[in-house]
Amino acid sequence: GQAAQDAGARALFVTDDRPGRLNAWFGTDDNGDRPLQIVTVDAADGVRLIAAARAGKRVESTGTLNTPYVYDLSEGHEGGIPKRDLTYEPSARELATLDTRFHSVKPAAGGEYRYSLTDTFPVGLGFQEKIDLPAERTEYVSTGRGQVWHESVSTGPGALEERSGLVAYKGGGRTGLDWFKPVLHPWLGTGLGWGQTRTGDDLAFNVPGWGDSGPDHTGFGDVWNEESMTQVSEVFVDGVSADRRKSSGVYVWDADPAEHTYKVVTDTTLAQDRWQLATKGHAEWTFKSKRTPEDRKTFLPLINLGFDVDTDLAGTVRGGRTVDVGIFAEYVKGAAATGTIGGGELSVSYDEGKTWRDVRLERDGSKAAWEGEVKVPRDARSLSLRASARDDRGGAVSQEIVRAVGVR
């Protein structure tokens with residue numbers, strides 16, 4: 001790559017003599033792009049290009065920096081690889097179609113990848129591929145028995161990352177999928193890997209602060225290397241601090257086996273000049289717990305709180321309009337000793353949390369979900385949101401997000 005750049009080449013085509021598509025890096029040593037088009041081609045196309053070059057022919061090429069569509073294809077074979085043609089040509093009814101939107105308040109470099117997983121090989125192989133945010137595209141994804149996916153999207157690059165749980169799509173269906181859609185807030189999802197568990201008298205909590213409003217998206221921030229963000233978490237036992245860290249993780253070791261009230265708190269910040277939204281967050285989870293079996297992890301009954309606001313790709317709503325704001329609550333997956341969730345409440349602020357107004361909510365039947373209307377002033381610059389819910393076993397959750405949504 002450097003030799004072609006030094007020679008003033010306008011394009012570089014790279015091939016080899018092996019079957020399949022060549023996958024190699026020809027950018028700069030620090031993973032940057034070069035000021036020329038670089039294309040890798042398989043051996044058959046390489047032969048054609050070499051012959052054309054020797055004949056003095058010219059090549060015209062066009063490229064699309066950010067593809068408007070992506071195919072994520074995977075086919076499994078139970079019991080072994082069959083002795084037949086392995087060409088995979090799925091029909092439309094075998095693929096899920098996703099109308100995917102990647103939100104960003106301003107242009108930013110990002111990365112994304114969808115890892116294929118099966119019940120026989122629960123490890124996904126791959127790496128995030130570049131995408132410029134904001135973006136919209138159509139994605140076609142394999143479905144079928146045993147086929148699940150783990151999805152990961154980052155921006156910054158790498159400063160904030162959203163992770164899904166294990167997702168199984170339905171063939172022939174079409175659905176929307178949003179990444180980094182406001183409200184950025186703590187969500188204790190199935191993609192976490194650990195946390196919200198008790199083993200005997202040891203408790204472990206993991207409360208990343210920037211999940212988006214996509215389905216089961218947990219959001220992680222690189223608070224150790226990024227100056228534009230902070231997160232501090234703390235856990236209390238009957239009102240007394242047991243652990244406090246600059247992290248999403250906190251612990252209680254050798255807890256009293258009797259039942260006590262626990263409260264986990266996390267505070268987050270994002271620099272407004274860079275991120276604009278979710279500049280300050282405060283979340284609390286309260287629950288009761290006593291000794292659990294020592295030979296396995298028991299998931300604790302922490303309550304997740306989610307938001308639903310229809311924004312544009314920049315995370316904004318229009319001023320001078322009425323906007324529907326929804327909230328919902330549910331226990332972390334697999335939680336033991338759960339109860340019935342209710343008591344949803346919501347407040348809104350137009351002055352970044354200085355003053356608050358209660359929002360009248362309507363409950364969605366028997367679900368732990370509520371919706372209210374917010375009249376956005378024409379001169380507002382942002383909406384801050386404060387929401388809470390509780391259960392009938394002494395558990396509760398509350399979240400306050402300053403500059404949760406922008407106003408245009």
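The numbers here are math on the coordinates, done by the rules we state, and not lab data. Source: prediction; values computed, not measured. Here Cβ is always computed from backbone atoms with ideal geometry, including for glycine, and neighbour counts include all displayed protein chains.
Among the aspartates and glutamates, which fall within straight-line cross-link reach of LYS367, defined as a Cα-Cα distance under 17 Å, with same-chain neighbours fewer than 8 residues apart omitted?
ASP308, GLU330, GLU345, ASP391, ASP392
With springs only between Cα atoms under 10 Å apart, run a GNM on the chain and tell me which of TYR69, TYR88, TYR113 wobbles the most.
Checking each option, the largest mean-square fluctuation is seen for TYR88.
Can you give me the distance in nm between label points at LEU65 and ARG48, each placed 7 Å from the Cα along the Cα-to-Cβ direction?
2.8
Report the Cα centroid-to-centroid distance between region 129-169 and region 291-308 in angstrom, as an integer.
Each part's Cα centre sits 26 Å from the other's.
Defining a contact as two alpha carbons under 8 Å apart and six or more residues distant in sequence, what relative contact order in percent does the chain show?
Working: 1028 pairs, mean separation 46.1, N = 408.
This gives 11 percent for the chain.
Enter the angle in degrees (range 0 to 90, nearest 10) between the Cα long axis of helix 43-54 and the first principal axis of the Cα atoms of the chain, meaning the one along which they spread out most.
It works out to around 50 degrees.
Where the only charges are on Cβ atoms (+1 Lys, Arg; -1 Asp, Glu), what is the dipole of region 2-54 about its Cα centre, to the nearest 20 debye?
Details: 6 positive and 8 negative charges, 57 e Å.
The calculated dipole for region 2-54 is roughly 280 debye.
Tell me, Kirkwood radius of region 8-88 from alpha-carbon pair distances, in Å?
Details: mean 1/r = 0.0621 Å⁻¹.
After inverting the pairwise mean of 1/r, the radius is 16.1 Å.
Read through the labelled values (i) 44, 30, 21; (ii) 34, 30, 20; (iii) 44, 27, 21 and report the label of the one computed as semi-axes √(5λ) of the Cα gyration tensor in Å from the structure.
Entry (iii).
If packing is taken as the average number of other Cβ atoms within 10 Å across a peptide's residues, how do 184-192, 246-254 rank, most packed first? Walk me through the intermediate numbers first.
Numbers: 184-192: 24.6, 246-254: 16.0.
Per-residue mean Cβ counts within 10 Å order the peptides as 184-192, 246-254.
For a quick check, take a GNM of the chain with Cα springs below 10 Å and name the residue from ARG48, ARG93, ARG198 with the largest mean-square fluctuation.
Of ARG48, ARG93, ARG198, the most mobile in the Gaussian network model is ARG48.
Past the 22 Å Cα-Cα mark, which pairs from LYS106/LYS246; LYS263/LYS333; LYS181/LYS280; LYS83/LYS170? Walk me through the numbers before you get to the answer.
Working: LYS106/LYS246 28 Å; LYS263/LYS333 19 Å; LYS181/LYS280 17 Å; LYS83/LYS170 28 Å.
As for pairs spanning more than 22 Å Cα to Cα, those are LYS106/LYS246; LYS83/LYS170.
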